[in-house]
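Colleague: I am attaching a structure below and will ask some questions about it afterwards.
We did not get these values from a lab; they are worked out from the coordinates using the rules stated. Bear in mind the structure is a predicted one, so any value in this text is a computation, not a measurement. FYI the Cβ positions are ideal-geometry reconstructions off the backbone, even for glycines, and counts take in every protein chain you see.
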Amino acid sequence: MDFSVKSGSPEKQRSACLVAGIFEPRRFSSIAEQLDQISEGYISALLRRGELEGKVGQTLLLHHVPNVLSERILLIGCGKERELDERKYKQVIYQTINTLNNTGSMEAVCFLTELHVKRRNTYWKVRLAVETAKDSLYTFDELKSNKKVRRRPLRKIVFNLSTRRELTSGERAIQHGLAIATGIKAAKDLANMPPNICNSAYLASQARLLANSYSQNTTTMVLGEKDMKELGMNAYLAVGEGSTNESLMSVITYKGNPDPEAQPIVLVGKGLTFDSGGISLKSSDNMNEMKYDMCGAATVYGVMCVALALNLPLNIVGVLACCENMVDGRSLRPGDILTTLSGQTVEVLNTDAEGRLVLCDTLTYVERFNPEIVIDIATLTGACIIALGHHFTGLMSNHNQLSHELSSAAEQAGDRAWHLPLVDEFQEQLESHFADMTNLGGRPGGAITAGCFLSRFARQYNWAHLDIAGTAWNSGKTQGATGRPVAMLSQFLLNRSVFSSDESINK
Ligand code: BES
Ligand code: MN
Ligand code: ZN
């Protein structure tokens with residue numbers, strides 16, 4: 001779909017459809033007001049008749065409104081004017097795009113970006129409109145024999161801005177929004193792919209393809225089981241032991257910083273292409289959803305896509321730590337003691353707490369990149385869902401400044417995270433009779449003790465951990481990957497790249 005911005009008045013627009021907001025109760029936005037005047041009260045008459053109250057997401061499609069050059073007007077409810085916040089704005093855009101797409105309007109001029117959204121500027125409104133539009137049109141039907149085809153799909157949308165002065169930041173917002181939307185789609189596609197297709201080798205091939213399409217400053221290196229054995233990544237290897245699919249760690253290196261030697265930002269993604277739990281087998285209800293246990297790796301892949309598309313002036317290393325946790329005669333057992341790459345030993349008390357075993361060795365491995373920052377992203381604990389539900393990603397860090405940076409990026413991008421305390425009190429829960437630690441912290445504070453476990457392998461650098469167990473996918477009727485937290489991490493990287501203040505999301 002094609003997006004653009006312009007600045008013009010509604011009566012001069014000749015488009016398939018104009019989109020204008022109506023506030024509750026039956027109040028005009030300034031554009032709706034202008035359209036009403038042009039049409040000599042046509043719209044106010046409809047509202048008086050009770051056709052549209054203005055509740056969030058309500059729609060009314062009008063055809064051939066008197067004196068209006070465009071064929072149609074889509075009126076969309078935006079709720080109470082003073083209560084229009086990020087969430088409602090997204091709902092309004094979502095509904096708008098779906099209505100346009102389902103009613104055969106192939107192009108539209110949208111005036112919703114002129115509405116006042118609490119705390120948000122034009123850049124934000126345009127960027128989020130692009131991201132939301134792309135997201136609302138997403139389908140994953142690659143593996144269906146009969147694909148839905150729309151006869152007249154929405155092709156083009158123009159966002160109208162109130163002044164010409166805003167056009168530059170509007171254009172930048174479209175560029176950023178499109179790149180982020182592409183990253184989100186890439187992450188969703190990988191995550192939605194079934195585990196018999198999307199195994200470690202599949203993810204490694206995707207990582208290689210990505211580097212090949214941006215060959216100048218991007219390379220991918222893949223470590224197999226033999227390499228990991230030589231290095232001593234025994235915890236990582238133990239998790240994949242029961243699987244016939246080889247464990248593969250893909251390392252994507254992007255050098256966008258003018259100084260190729262500048263310390264990189266390292267992103268590490270948990271890539272369990274399927275987590276059966278191993279010998280500590282999971283119950284079978286919804287076990288299919290454990291194909292999403294690679295959403296951390298999918299996020300890293302998606303964020304790399306964004307960084308490459310925008311050519312961000314940063315050095316970034318993205319690591320997809322992939323393997324499969326299966327049940328077999330060679331599987332890891334409860335009671336096994338593993339010597340990690342760091343030299344620390346771990347007693348395995350539950351083979352289903354496998355993510356931390358894969359990540360601990362990966363966190364030690366990335367020390368070799370002399371990172372400025374390391375962020376790991378993982379569907380790590382069911383306990384994080386109990387703590388924060390499905391709306392917030394869990395954020396833990398050994399560095400206050402970094403955790404603030406990530407929290408504000410999350411807030412800016414509308415891809416929220418909540419900080420959890422990583423304090424020493426919790427470390428005691430990891431004590432082992434026979435090894436340096438166990439991989440099981442017990443039920444109290446399960447998301448935090450998992451974070452504490454990882455922190456023992458991240459002492460050499462500034463590090464943050466994102467537990468996305470609750471946010472990476474939706475279950476039930478709307479099942480599918482969400483692409484979170486690609487937007488949040490992209491924002492974090494954008495904030496670390498220098499742009500003029502006009503293009504800042506904070507303005
Ligand atoms: N991948 C799961 C965590 C998970 C479970 C994410 C459900 C999303 C939904 C992880 O490997 C796991 O099994 N964690 C265990 C840890 C426990 C054994 C300490 C859990 O959360 O139950
Ligand atoms: Mn598990
Ligand atoms: Zn897992």
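Colleague: Got a sec? Charge dipole of segment 180-498, +1 on Cβ for Lys and Arg, -1 for Asp and Glu; which of Leu395, Gly277, Phe492 is way out at the positive end?
Modeller: Projecting each Cα onto the dipole axis, the largest value belongs to Phe492.
Colleague: Cα centroids of segment 109-141 and segment 323-378: how far apart, whole angstrom?
Modeller: Cα centres, segment 109-141 to segment 323-378: 40 Å.
Colleague: Quick one: which of 28-37, 465-474, 332-341, 290-299 comes out on top by average Cβ neighbours within 10 Å, and what's the full order, highest first?
Modeller: Per-residue Cβ counts within 10 Å, averaged per peptide and sorted highest first, yield 290-299, 465-474, 28-37, 332-341.
Colleague: What are the DSSP H helices in the chain that stretch 18 Å or more along their long axis, judged by alpha-carbon atoms, and whose average Kyte-Doolittle hydropathy comes to at least -1.0?
Modeller: 122-136, 167-192, 200-213, 295-310, 400-413
Colleague: At a 10 Å Cβ-Cβ cut-off, how would you order Thr218, Thr379, Thr96, fewest neighbours first?
Modeller: Thr218, Thr96, Thr379
Colleague: Still on this model: If you add up the charges near Lys255, with Lys and Arg at +1 and Asp and Glu at -1, over every other residue whose beta carbon is less than 14 angstrom from its beta carbon, what do you get?
Modeller: Here the count lands on -3.
Colleague: Segment 415-434 to segment 243-284: how many Å between their Cα centroids?
Modeller: What the calculation gives is 22 Å, centre to centre.
Colleague: Of Glu324, Glu347, Glu367, Glu142, how do they rank once you tally other Cβ atoms within 10 Å and put the fewest first?
Modeller: So the ranking, lowest neighbour count to highest, is Glu142, Glu367, Glu347, Glu324.
Colleague: Compare the Cα positions of Tyr42, Thr59, Val126 along the charge dipole of segment 2-137 (+1 at Cβ of Lys, Arg; -1 at Cβ of Asp, Glu; about the Cα centre) and return the one farthest towards the positive end.
Modeller: Val126
Colleague: Relative to the compact-globule scaling 2.2 N^0.38 Å, provide the ratio for the alpha-carbon radius of gyration of the chain.
Modeller: That works out to 1.05 for the chain.
Colleague: With Cβ to Cβ distances under 14 Å as the rule, what net charge do the other residues near Gly79 carry (K, R +1; D, E -1)?
Modeller: +3
Colleague: Could you tell me which GluC sites (Glu not before Pro) in segment 417-504 are loop residues by DSSP with no more than 14 other beta carbons within 10 angstrom of their beta carbon?
Modeller: When the GluC sites (Glu not before Pro) of segment 417-504 are filtered for loop state and at most 14 Cβ neighbours within 10 Å, Glu431 remain.
Colleague: Now a separate question. Going by how many other beta carbons lie within 10 Å of each one, how would you line up Leu75, Leu422, fewest first?
Modeller: By the 10 Å Cβ count, ascending: Leu422, Leu75.
Colleague: Report, in debye and to the nearest 20, how large the dipole of segment 2-137 comes out about its Cα centre when Lys and Arg carry +1 and Asp and Glu carry -1 on their Cβ.
Modeller: Magnitude of the dipole: close to 380 debye.
Colleague: Counting only DSSP beta bridges with both residues in the chain, tell me the antiparallel percent, nearest 5.
Modeller: Antiparallel: roughly 40 percent of the beta bridges in the chain.
Colleague: To the nearest 20 debye, what is the magnitude of the charge dipole of the chain about its Cα centre, counting +1 on the Cβ of each Lys and Arg and -1 on the Cβ of each Asp and Glu?
Modeller: Dipole about the Cα centre, nearest 20: 2220 debye.
Colleague: Treat every Asp and Glu Cβ in segment 178-253 as -1 and every Lys and Arg Cβ as +1, leave all other atoms uncharged, and give the resulting dipole magnitude about the Cα centre to the nearest 20 debye.
Modeller: 280
Colleague: Name the residue farthest towards the positive end of the dipole of the chain from the options Gly476, Ala32, Leu380, assuming +1 on Cβ of Lys and Arg, -1 on Cβ of Asp and Glu, about the Cα centre.
Modeller: It is Ala32, whose Cα lies furthest towards the positive end.
Colleague: Using only DSSP helix segments of four residues or longer, with each worth -39500 (n - 2.57), what per-residue ellipticity at 222 nm results for the chain after dividing by its residue count and rounding to 500?
Modeller: So the calculated ellipticity at 222 nm is -10500 deg cm²/dmol.
Colleague: Now for a different question. Which of the lysines could be linked to Lys147 by a straight reach, that is with a Cα gap under 30 Å, when you skip same-chain ones fewer than 8 residues away?
Modeller: Those lysines meeting the cut-off are Lys90, Lys134, Lys156, Lys185, Lys188, Lys291, Lys477.
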